[in-house]
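Colleague: Quick one: the structure is below, questions incoming.
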Amino acid sequence: MTAAKITARDVSVYYGEKQALESVSIDIATEHVTAFIGPSGCGKSTFLRCFNRMNDTIIGARCTGRIELDGEDIYGAEMDVVQLRARVGMVFQKPNPFPKSIYENVAYGPRIHGLAMDKTELDRIVELALTRAGLWDEVKDRLSESGTSLSGGQQQRLCIARAIAVDPEVILMDEPCSALDPIATAKIEDLINQLRGRYAIVIVTHNMQQAARVSQRTAFFHLGKLIEFGETSELFTNPRAEKTKDYITGRYG
Amino acid sequence: MRQRLVRRYAAERRFRRSGLAAVVLSIGVLAFLLMSMAASGWRGFVEQRIALPLDVAASASAGEMEDAVAMAAEAAYGADGLDYISESAWKTVRDAFRADSSLAGTSVVIPVPVSSTLSTALRGSGPETLVAAAQRLDAEGKISTHLNTHFLTGADGTDPSAVGIWGAFKGSLFTMLVTIVLAFPIGVLAAIYLEEFAPRGRWTDLIEVSINNLAAVPSIIFGLLGLSIFLNTMGLPRSAPLVGGMTLALMTLPVIVIAGRSAIKAVPPSIRDAALGVGASPVQAVAHHVLPAALPGIMTGSIIGMARALGETAPLLMIGMRAFITTPPDGISSPSSVLPVQIFLWSDEISRGFVEKTSAAIIVLLAFLLAMNAGAVYLRNRFEIRW
């Protein structure tokens, strides 16, 4: 077991009075893709959004417990949210490119963080991010076209490119394929495989086959609790908890 | 089942027909309004002139010129001649002589503006003898029609044939300028703060309710507010576009805040998430992404507010913009009138000659309004974001 990139201890999240997550502890490592699975409303997305404090934007949301990124407390007083989100990128459920050009979509992050000294360097960063997202060959001749003119799958890869353009350490993916067709989904899954090892990737998915295909570690959530966490191959073939077994065999969910 | 289907289709047709009828009715009313306005208003833009033969010495002073014109009128058209020409007819002569100095000392025929009584008589109303005389003059070819340039360059006056709209137009322009400079930035900033940054709570709710109520406050109340604060307390100049603009800005502000908030609310939250997700600060997310996407909506709302302000009369009466001002304003602090107030003043005049001026002023106001709206539509289309 290598050192964990993210360690979460006793994390609970409340939306107003309602508790959405109960005392979850987990370790996320860089060399693995970690998948969160579970039925709707089980708190897996809520948990994911704790890692870059996107829950801060929801009124009434509250997080207790301790989450550390490389040993630094994410919710600590010294942690700057803007810098945290540069280190922990996020890809959302629905592709949400900015209504700007493809180039501007990718260049936005590096620009606000001042990662490029000049235009040449920015061009290089944009090309690298688009190449890593597997989109460069498809869009290199139309970088000035609107990001929203791309197909759904391309838009989602553009969003991934936008996330990796700021060179994050962790990429969070919140059901990145739920709005895509099977072919686009396959491309995203390929991409996740290629990105593995370079970034710690956490993916929330409804699709158990997808979790089995792309992840090495899987966490199963149910009603706000972490039921089981382990090797993906182990969890799917030989689940320890009864609930996990029922879920992956399709008895509920 | 079949009968039910027939009934449903009948209901649908009925609904569509009544909708169409409503549209046709409103178009008809609008067309009637515009046509009647144009029919009586076009005369305000032209003036009738009467041919006046005269010879004036090159060195004539203004007084001498006026006398010479009066004498020439009597010489040409008898004892009534002086009633045929406008009081300011000598100015036309003076301008003609200035434009072409070779005219001086020769005998020339210059068309000068007719008096408002003759102008009315030319249209067939007034004393019978005058109408008959007007018809005779017209038949003799003495009367000609010219574009009334003075109407487009002058200001208010007592003689309807010599008044102009430029003074009120300029006043409206300055007033709108002050209003937009004050109301737009303040309104948009307030909308952004309330929508994006204000903590939700009792105070925010209270402010929201207050703003909604303010938008519904009768405009004359804002006039009273302007009178007591801007004029009495702050001692700003009376009748000035500055104060008018400030008063109208108060009136327009709630409209812009409400329109701005709903435009900002309409921006998909996913864009905010995307910006925050790559590490933009909340202000950057708003300035770089939310505001550009909301701008077309904010502008539409603001223009509606501005259009209402442009047509507003009541609050401006309160702060003294109904004064009789005969020179166009040369700044935001010099006394002036505005278009709707000018229309109100002229419509109150007894003299028949003001009727067509009133209609012409309404046409100018509508043209101003249309130009403003066209500008807004252009800007909105330019900034529109296609998702």
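Colleague: Identify, by number, the condition in (1) polar (S, T, N, Q); (2) more than 9 Å from every other protein chain (Cβ to nearest Cβ); (3) open to solvent by 40 Å² or more (accessible area, probe 1.4 Å); (4) part of a helix (DSSP H, G or I) that A:Q155 doesn't meet.
Modeller: With (1) polar (S, T, N, Q); (2) more than 9 Å from every other protein chain (Cβ to nearest Cβ); (3) open to solvent by 40 Å² or more (accessible area, probe 1.4 Å); (4) part of a helix (DSSP H, G or I) applied to A:Q155, the lone miss is (3).
Colleague: Only one of (1) surrounded by fewer than 23 Cβ atoms within 10 Å (Cβ to Cβ); (2) facing chain B (nearest Cβ under 9 Å); (3) of a type in the set (D, E, K, R) is not met by A:R85, so which one is it?
Modeller: In the conditions (1) surrounded by fewer than 23 Cβ atoms within 10 Å (Cβ to Cβ); (2) facing chain B (nearest Cβ under 9 Å); (3) of a type in the set (D, E, K, R), A:R85 misses (1) alone.
Colleague: Taking region A:109-146, which residues are polar (S, T, N, Q), surrounded by 15 or more Cβ atoms within 10 Å (Cβ to Cβ) and more than 14 Å from chain B (Cβ to nearest Cβ)? Can you show your working first?
Modeller: Taking region A:109-146 and keeping what is polar (S, T, N, Q), we get A:120, A:131, A:144, A:146.
So of that shortlist, the ones also surrounded by 15 or more Cβ atoms within 10 Å (Cβ to Cβ) come out as A:146.
Matches in region A:109-146: none.
Colleague: Please return the ranges of helices (runs of 4 or more DSSP H) entirely within region B:1-97 where 3 or more residues are of a type in the set (S, T, N, Q). Step through it out loud before you land on a result.
Modeller: Details: elements: B:2-41, B:62-77, B:81-84.
Those helices (runs of 4 or more DSSP H) span B:2-41.
Colleague: Checking B:T252 against (1) open to solvent by 10 Å² or more (accessible area, probe 1.4 Å); (2) in contact with a Gly (Cβ under 7 Å, 6 or more places away or on another chain), which test does it fail?
Modeller: Condition (1) is where B:T252 drops out.
Colleague: Checking the condition touching a helix residue (DSSP H, G or I) at 6+ places or on another chain (Cβ under 7 Å) and in the same structural domain as B:K142 (by TED's automatic domain parsing), which residue from B:A68, B:A73 passes? Break it down stepwise before answering.
Modeller: On the way: B:A68 fails: touching a helix residue (DSSP H, G or I) at 6+ places or on another chain (Cβ under 7 Å).
Of B:A68, B:A73, the one residue that is touching a helix residue (DSSP H, G or I) at 6+ places or on another chain (Cβ under 7 Å) and in the same structural domain as B:K142 (by TED's automatic domain parsing) is B:A73.
Colleague: A follow-up question, please. Which ones in region A:44-77 are free of Cβ contacts under 8 Å to residues at least 12 places away in the same chain, within 14 Å of another protein chain (Cβ to nearest Cβ) and either farther than 21 Å from A:G16 by Cβ or within 20 Å of the chain's Cα centre (by Cα) (or both)?
Modeller: Across region A:44-77, the qualifying residue is only A:T57.
Colleague: Of (1) surrounded by fewer than 19 Cβ atoms within 10 Å (Cβ to Cβ); (2) polar (S, T, N, Q); (3) closer than 30 Å to A:N96 by Cβ, B:S302 satisfies all except one. Which?
Modeller: Here B:S302 clears every test but (1).
Colleague: Let me ask something else. Scan region A:92-105 residue by residue and report those that are more than 8 Å from chain B (Cβ to nearest Cβ) and more than 21 Å from A:V13 (Cα to Cα). Walk me through how you get there before you give the answer.
Modeller: Within region A:92-105, the subset more than 8 Å from chain B (Cβ to nearest Cβ) is A:93, A:95, A:100-105.
Hits for region A:92-105 are A:P95, A:K100, A:S101, A:I102, A:Y103, A:E104, A:N105.
Colleague: Determine which member of the set B:M251, B:M321 is closer than 23 Å to B:V364 by Cα and in the same structural domain as B:L194 (by TED's automatic domain parsing).
Modeller: Step by step, each of B:M251, B:M321 is checked, and only B:M321 is closer than 23 Å to B:V364 by Cα and in the same structural domain as B:L194 (by TED's automatic domain parsing).
Colleague: Scan region B:131-160 residue by residue and report those that are within 20 Å of the chain's Cα centre (by Cα) and in a helix (DSSP H, G or I).
Modeller: Those that are within 20 Å of the chain's Cα centre (by Cα) and in a helix (DSSP H, G or I): B:T149, B:H150, B:F151, B:L152, B:T153, B:P160.
Colleague: Which of the numbered conditions does B:A60 fail, given that it passes all the others? Conditions: (1) open to solvent by 40 Å² or more (accessible area, probe 1.4 Å); (2) modelled with pLDDT under 80.
Modeller: The number of the failed condition is (1).
Colleague: Among (1) surrounded by fewer than 22 Cβ atoms within 10 Å (Cβ to Cβ); (2) more than 14 Å from every other protein chain (Cβ to nearest Cβ), where does B:V243 come up short?
Modeller: Among (1) surrounded by fewer than 22 Cβ atoms within 10 Å (Cβ to Cβ); (2) more than 14 Å from every other protein chain (Cβ to nearest Cβ), the lone unmet condition for B:V243 is (1).
Colleague: Checking B:T327 against (1) in a loop (DSSP other than H, G, I, E, B); (2) open to solvent by less than 40 Å² (accessible area, probe 1.4 Å); (3) polar (S, T, N, Q), which test does it fail?
Modeller: So B:T327 meets the others, but not (2).
Colleague: Would you point out the residue of region B:268-299, among those that are within 7 Å of another protein chain (Cβ to nearest Cβ) and not in a helix (DSSP H, G or I), that is most open to solvent (accessible area, probe 1.4 Å)? Explain how you work it out, then say what you get.
Modeller: Taking region B:268-299 first, the residues within 7 Å of another protein chain (Cβ to nearest Cβ) are B:270-271, B:273-274, B:276-281, B:284, B:289, B:293.
Applying the additional criterion that residues be not in a helix (DSSP H, G or I) yields B:278-281.
Numbers: B:V278: 8, B:G279: 1, B:A280: 1, B:S281: 32 Å².
Of everything passing the filter in region B:268-299, B:S281 is most open to solvent (accessible area, probe 1.4 Å).
The values are calculated or read from the model by the stated rules, or taken from the named source; none is laboratory data. Every value quoted in this text rests on a predicted model; they were computed, and no experiment measured them. Positions of Cβ are generated from backbone atoms using ideal geometry, with glycine treated the same way; all protein chains shown enter the neighbour counts. Just the protein is used for accessible areas: all its heavy atoms, side chains included, with ligands, DNA and RNA removed. Shrake-Rupley method; radii C 1.70, N 1.55, O 1.52, S 1.80 Å.
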